[in-house]
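The values are calculated or read from the model by the stated rules, or taken from the named source; none is laboratory data. Source: prediction; values computed, not measured. As a convention, Cβ positions derive from the backbone with ideal geometry for all residues, glycine included, and neighbour counts pool all protein chains shown. Ligands, DNA and RNA are stripped out before the accessible areas are found, and what is left, the full protein with its side chains, is counted by its heavy atoms. Shrake-Rupley method; radii C 1.70, N 1.55, O 1.52, S 1.80 Å.
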Amino acid sequence: EWDKEREEWKREKTALEEGRKEALRELASLRRQREEDEKKHGVELREQKERANELQIACSDLSGKLARQVDYIAKLKSRLGKAEADCESMRGKVTMLEGQSEASSKGLEVAMADARRSRLKQQES
């Protein structure tokens, strides 16, 4: 009976050792898988950070370009305002010159009529 118990104990011990070895293999496999996952996620995380940095740089560039465009538009609006003021000033000058031209024409007509009358009087005398 002692031998039976000893055999039973050896079988249990062997089964436990096999179970322990299997558990250690499974643990090693899980550790390898975790390490691979960490590497993979680390690479993915690094790639995401790089992409985020690229996007941030692109956004900064676009913000700078937008600011320059806004400045350029403001300058164009300023030039347009000055051009409109110059145009209005020219319109006033043209109107004034048209008035002077009309007055000169009327003055010339009056002078010519006076000259005709004067000639007629001279011819009559």
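Probing with 1.4 Å while keeping every protein chain in the model, the per residue accessible area of the stretch 74-125 equals 92 Å². Taking only protein heavy atoms and a 1.4 Å probe, what accessible area per residue, in Å², does the stretch 1-55 have with all protein chains in place? In whole numbers, the stretch 1-55 has 100 Å² accessible per residue.
Calculate, for Gln100 and Ser78, the FRET efficiency according to 1/(1 + (r/R0)^6) with r their C-beta to C-beta distance and R0 22 Å; round to the nearest 0.05.
Working: r = 33 Å, r/R0 = 1.51.
The formula returns an efficiency of 0.10 here.
Only lysine pairs 8 or more places apart, or on different chains, with alpha-carbon atoms under 28 angstrom apart are counted in the chain, and they number 16. Near Glu47, once Lys and Arg are set to +1 and Asp and Glu to -1 for all other residues with Cβ below 11 Å from its Cβ, the sum equals +1. To put it simply, the accessible area of the chain at a 1.4 Å probe is 55 percent carbon and sulfur.
Against the chain, whose longest principal axis comes from its Cα atoms, helix 2-124 is set at around 0 degrees.
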